[in-house]
Amino acid sequence: MGREMIKLTDSGVFLTPQGEAVKQGVIPKTEAVKNTMAYSILKAHNQGGDMEHLRLKFDALVSPDNNYVNILQTARAGGLKQFPVPYVLSNCHHTLCAVGGTINEDDHVFGLGNAKKYGGIFVPPYRAVLHQYMREMMAGGGRMILGSDSHTRYGALGTMGIGEGGGEVVKQLLSKTYDIEMPPVLAVKLTGSLKPGVGPQDVALALVGATFKNGFVKNKILEFLGDGIGGLSPECRMGIDVMTTESAALSSIWCTDQLVQEYLAIHEREEDYREMKPSGIAYYDGMIEIDLSSVECMMALPFHPGNVCSIREFKENPEKYLRKAEEEGQRIKGDTGKKFVLMDKLINGELHIDQALVSGCSGGMFENIAAMADILRGCAINGSRPGLGINPASQPVYMDLVEKGIVSELTIAGAVMRPAICGPCFGVTDVPADNQLSIRHTTRNYPNREGSKPGENQMAAVILMDARSIAATVRNGGVLTAATELDVVYRNPQYHFHAEIYKNQVFNNFGSGNPDENLKMGPNIADWPKMYPLTRHLLLRVAGAYEGSVTTDELIPSGEVSSYRSNPDKISEYMMMSRDSGYVKRAKEVRELDRRRRSGEIGENTDCERLLTALCKRLNCSQSEITIGSAIAGDQIGDGSSREQAASCQKVLGGYANIANGFATKRYRSNLINWGILPILTGDRTALQNGDWLLIKDVDSAVTFSPAPVFAELLDAVTGEDKSSLKCTFGEMTEDEKRILLSGSLINYYGQNRDS
């Protein structure tokens, strides 16, 4: 990727509201930090007087159907009476995934019942992808929205969106706060203008490629400014903004202008517009400069959005990139006897793809699809060519595409128009054949995100690209082609929003809940199993030890597995299935040992029992004072989705700790804490192996006095003696987070304090 596209400054800068640099000393730093847009929004939503330790309440909440049942069940256990702010329940992730019979629609019925009972907003299936609905109907200047989906990003409209695990949404539903240290704020200065054929995904991938692997923006807020913004339509800004999640940023906010005001007016919400800009010379903790004029058509190779290069660079040396992706795919697939192959896609030096999709909150917007129609005009996609599927992001978008004749043009060309769902992005629809290569304008290309099952010897791969280059590739018979290689006249039609669709079809019951409403719970909706608080000491057995990154999609796969999301025991059976088929068995063995300990069934018949007996003698304590749990160890854990199942499944299987050199995101660490799993950080190399025993003495005190250093003893499996010690910490935690860990989970904590 050419360096001229993006420049990173890893030190503090002072900028005018227009993005011009000024020398330090013109204004005190203590005052300049208050002039960012991020600071003003956070201050307005902070419930405490301390801006270093934020206690935030949000203006609205949103959850998709792949996790809202768990959230609602947890909130009800904590004493939920009514939704205190607008809470949108969207049905876009599993609408077309029929695994498990009636499971999906049972969850939708349960969601509608909760909207009736507690006063929610229910968006029925096929009407909208959750983030598109929030853009169209909920986001506005100066607001904050929390979502239980990692791509909760509405910065282009002046709203700070944060994607978190369900536990944080539960806290808001129970009128608690989102507690976080004041995050660093980085300026993203945009200059220049995009070349014809370059789209929002190209800018987004360039940004992700420059910042993800080096951790430059991890858990920080991105503040977009500069004269380059004015040349981008609101939809283009949204397409860039939503992908900032893949850079590992916490949130984002953009300067707004007349174009945003017009966007909100089109959606009959002009009163929600607010001009957003820095209030004076502002201090930023770093800066990213993007020259839009230099951005090329980009691609993210398997199996991560951070594996970025330009299409031009790829074409210069396709073997290098394909072989690297092939090697990574083989590592993921493992030694199954059947190799994962991508090199056969290279024919006469050109890459041939097998499938093309444009969908969801990043790809399915009006302007992307209209541009594709311009590129495909006169094209005929016959059955021997790669197919092209398009999912508009909402019914209003689809309706206007119909009225303007764009759907007709695309259909005649051979594209297939489908409903507004997240299926292709989430891995529940449009699964390629084994060893096939799909190009997609969606948000992610992790393993399993295309729906394949590496553990069952089924493996496909995805390259992320912008809709324009996808259309150009399809037009060229499936040969990789950048949209800038074609001479296209773009019509740029004006979008018209059909407000009556939502007025007639969305159930908006905010503020009108009926406490007498009876909830219908389908047979797959199960209660959480009992979770136990920490005792005095914690004995951990490593059930999974891994090198490199462990993603949330590896911890619990997306796709059809998430159909079992409402049944904690059933979905936990799939944990780590794509990377470590033996994990579940090992974790269950530890869980059973702890069950027998609580039941007083421990003797001295096995090595584990003898170890526990020896440990009790050494510590001069009873078995009731030693909790036994499993742990996962790795270099970095938690990159990817905000889905709390990545933590809750571990807890259901008896997990009590993760030991890592780093946790990829703040939201994953929050998930661990909310499910009573200790987030153990160590600077030492975590050279732990499956079956290793670790002891944390006086763990209750260690949690209470966190972030003080903690020593985890690596035990002799026979004598229980300390062989060596691992110096670690649980990190900074709020008092509530400490109490949640000691209680064993957020459910326990709120169950014990439901009247407080």
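Some points to look at:
- Residue among 36, 16 that is over 23 Å from residue 206 (Cα atoms), at pLDDT 95 or above, of a type in the set (Val, Ile, Thr) and in contact with a Pro (Cβ under 7 Å, 6 or more places away or on another chain): 36
- Taking the criterion of being of a type in the set (A, V, I, L, M) and not in a loop (DSSP other than H, G, I, E, B), the residues of the range 441-490 that qualify are 461, 462, 463, 464, 467, 470, 471, 472, 474, 479, 483.
- The condition (being of a type in the set (D, E, K, R), more than 14 Å from residue 235 (Cβ to Cβ) and not in a loop (DSSP other than H, G, I, E, B)) is satisfied by just one residue among 374, 400: 374.
- Positions within the range 287-308 being surrounded by fewer than 22 Cβ atoms within 10 Å (Cβ to Cβ) and either without any contact (Cβ under 8 Å) to a residue 60 or more places away in the chain or farther than 19 Å from residue 229 by Cα (or both), in sequence order: 306
- Evaluation of residue 264 against (1) outside any helix (DSSP H, G or I); (2) touching a residue at least 60 places away in the same chain (Cβ under 8 Å) (one fails), failing number: (1)
- Filter result for residue 704 (more than 18 Å from residue 632 (Cβ to Cβ), surrounded by fewer than 16 Cβ atoms within 10 Å (Cβ to Cβ) and touching a Lys or Arg at 6+ places or on another chain (Cβ under 8 Å)): yes
- Answer from 703, 699, 710, 718 - the residue that is out of contact with any strand residue (DSSP E or B) (no Cβ under 8 Å at 6 or more places or on another chain) and either among the aliphatic types (A, V, I, L, M) or at pLDDT below 95 (or both): 718
- Any chance residue 308 is assigned by TED's automatic domain parsing to the domain that holds residue 432, more than 23 Å from residue 487 (Cα to Cα), touching a Gly at 6+ places or on another chain (Cβ under 9 Å) and among the β-branched types (Val, Ile, Thr): yes
- Qualifying residue in the range 693-713 (condition: among the small types (Gly, Ala, Ser) and touching a Phe, Trp or Tyr at 6+ places or on another chain (Cβ under 6 Å)): yes
- Taken together, 207, 190, 222 contain a single residue that is closer than 20 Å to residue 281 by Cβ and under 19 Å from the mean Cα position of the chain (by Cα), which is 222.
- For the range 140-177, residues that are hydroxyl-bearing (Ser, Thr, Tyr), within 16 Å of residue 41 (Cβ to Cβ) and surrounded by fewer than 24 Cβ atoms within 10 Å (Cβ to Cβ) total 1.
- Where residue 104 falls short, out of the listed (1) buried (at least 22 other Cβ atoms within 10 Å of the Cβ); (2) modelled with pLDDT under 90; (3) touching an Asp or Glu at 6+ places or on another chain (Cβ under 7 Å): (3)
- Filtering 57, 116 for residues that are buried (at least 17 other Cβ atoms within 10 Å of the Cβ), in contact with a helix residue (DSSP H, G or I) (Cβ under 7 Å, 6 or more places away or on another chain) and among the basic types (Lys, Arg) leaves a single hit, 57.
- When the range 15-52 is filtered for residues that are aromatic (Phe, Trp, Tyr) and exposed (fewer than 15 other Cβ atoms within 10 Å of the Cβ), nothing remains.
- Filter result for residue 322 (surrounded by 19 or more Cβ atoms within 10 Å (Cβ to Cβ) and within 18 Å of residue 472 (Cα to Cα)): no
The values are calculated or read from the model by the stated rules, or taken from the named source; none is laboratory data. From a predicted model like this one, the values you see are computed outputs, not experimental measurements. We place every Cβ from the backbone using ideal geometry, glycine too, and count neighbours over all the protein chains shown.
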